[in-house]
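Notes to accompany the following structure.
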Amino acid sequence: MIPELHTQILERATAPYFDTGRFNYHWGRGKLGRDPIFPGLIDHGIFPSNARVLDLGCGRGLLASWLLAAEQIANEGRWPAGTPQPPRNLHFHGVELMGCEADCGNHALSVFGSRVRLAQGDVRHVDIAEVDVVAILDVLHYINYDDQERVFDRIHAALPPGGLFLTRIGDAAAGLPFRFSQVVDKAMSFAQGHRLPRMWCRPLHDWVEALERRGFVVKTQPMSQGTPFANVMIEARIQNA
Ligand SMILES: C[S@@+](CC[C@H](N)C(=O)[O-])C[C@H]1O[C@@H](n2cnc3c(N)ncnc32)[C@H](O)[C@@H]1O
């Protein structure tokens with residue numbers, strides 16, 4: 001993504017958080033400004049238009065904010081020619097363990113009307129139905145292995161043919177970069193008010209195997225460019241009938 005476009009989306013996506021407090025605003029700017037997954041989602045055309053998206057462990061709703069801000073810019077005719085178009089007409093339902101983060105996101109993202117709705121809830125128990133895309137970004141390692149397996153089963157059962165389960169994980173086989181990401185993750189988690197959690201990580205091949213075993217068609221790509229981490233984005237799709 002060209003830097004000018006990245007800056008434009010960043011400004012548009014984070015402005016709504018300004019009124020929710022300095023911390024939320026700067027958190028959003030840091031994350032959307034530096035995490036390669038956000039431009040990557042648009043550059044690689046990951047989200048289909050018109051999708052109903054369930055974002056589990058959505059935090060303050062930055063994924064929705066990024067993609068809806070990109071759509072607005074494109075709809076205003078200000079999207080640079082020759083660059084991949086953003087998805088249109090997405091609707092987001094986010095679920096987040098920390099009620100205060102869901103509240104913050106709802107407050108900020110009311111600028112997008114009824115396109116975003118965040119709620120307090122637990123990824124392990126939430127209803128998964130009537131969705132086209134389920135996103136779980138940097139969250140799975142907070143729930144234990146049995147719960148991970150049950151969540152995979154429920155996502156697989158809920159998605160229609162062509163549906164997408166998008167996740168990002170840390171590759172536990174990646175050595176030092178993985179261990180570094182764990183330290184940062186624990187520090188961030190602590191800063192957000194969680195107790196220092198145990199984490200349930202796996203090597204990449206293990207995540208892929210767990211998804212393929214259920215019939216997902218899986219594609220992976222490294223998604224930590226420009227950071228010292230070992231994160232990998234996993235696209236797990238239900239085959240079209
Ligand atoms: C590293 S943050 C990622 C936030 C967001 N997915 C993103 O990419 O910006 C992990 C989030 O998962 C949430 N979380 C952890 N365990 C959860 C659970 N069992 N159910 C719902 N959310 C959970 C945390 O509160 C935190 O907001």
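All of the numbers you see were taken from the coordinates with simple rules; none came from a lab. Since this is a predicted model, take the numbers as computed values, not measurements. Quick reminder, even Gly has a Cβ in these numbers, built from the backbone with ideal geometry, and neighbours come from all protein chains shown.
Counting charges near Leu68 (Lys, Arg +1; Asp, Glu -1) among other residues having Cβ under 11 Å from its Cβ returns a value of +2.
Put simply, the amide H of Val134, placed in the peptide plane, has neighbours under 5 Å in Leu54, Leu164, Phe165, Leu166, leaving out anything fewer than 5 places away on its chain. Taking a Cβ cut-off of under 13 Å around Ala102, the surrounding Lys, Arg, Asp and Glu residues balance to a net charge of -3, with basic ones at +1 and acidic ones at -1.
Under the combined filter of DSSP loop state and at most 16 neighbouring Cβ atoms within 10 Å, the range 134-188 retains none of its chymotrypsin sites (Phe, Trp or Tyr not before Pro). Full extension of the chain segment joining Glu209 with Ile2 gains 71.0 nm, where the gain is 0.36 nm per residue of separation less the Cα-Cα distance.
In this simple spin-label model, placing a label point 7 Å from the Cα along the Cα-to-Cβ direction at both Val218 and Asn75 gives a separation of 3.7 nm.
Dividing the Cα radius of gyration of the chain by 2.2 N^0.38 Å, with N the residue count, gives 0.96.
For the range 139-152, the Karplus equation 6.51 cos²θ - 1.76 cosθ + 1.60, evaluated at θ = phi - 60°, returns couplings of 10, 4, 5, 7, 10, 6, 4, 4, 5, 4, 4, 5, 5, 4 Hz by residue, with Gly and Pro reported as x. The H on the amide N of Ala119, modeled in the peptide plane, is under 5 Å from the matching H of Gly94, Val95, Glu96, each at least 5 residues off or on a different chain. From a point 7 Å beyond the Cα of Gln225 in the direction of its Cβ, which residues of the range 152-195 have a backbone N at a distance under 13 Å? No residues fall inside that zone. Each residue of the range 84-101 was assigned a 3J(HN,Hα) from its phi angle through the Karplus curve 6.51 cos²θ - 1.76 cosθ + 1.60 (θ = phi - 60°); the sequence is x, 6, x, x, 10, 6, 7, 10, 10, 10, x, 10, 9, 4, 8, x, 5, 6 Hz, with glycine and proline shown as x.
Under the convention that each Lys and Arg Cβ holds +1 and each Asp and Glu Cβ holds -1, the size of the dipole of the chain around its Cα centre is about 260 debye. Gain on full extension, evaluated as 0.36 nm per residue between Ala157 and Ser49 minus their Cα-Cα distance, stands at 36.7 nm.
For the chain, modelled as a GNM whose springs connect Cα atoms under 10 angstrom apart, the maximal fluctuation among Pro39, Pro177, Pro228 occurs at Pro228.
Within the chain, the longest segment free of exposed loop sites, counting GluC sites (Glu not before Pro) that fall outside DSSP classes H, G, I, E and B and have at most 12 other Cβ atoms within 10 Å, spans 131-241.
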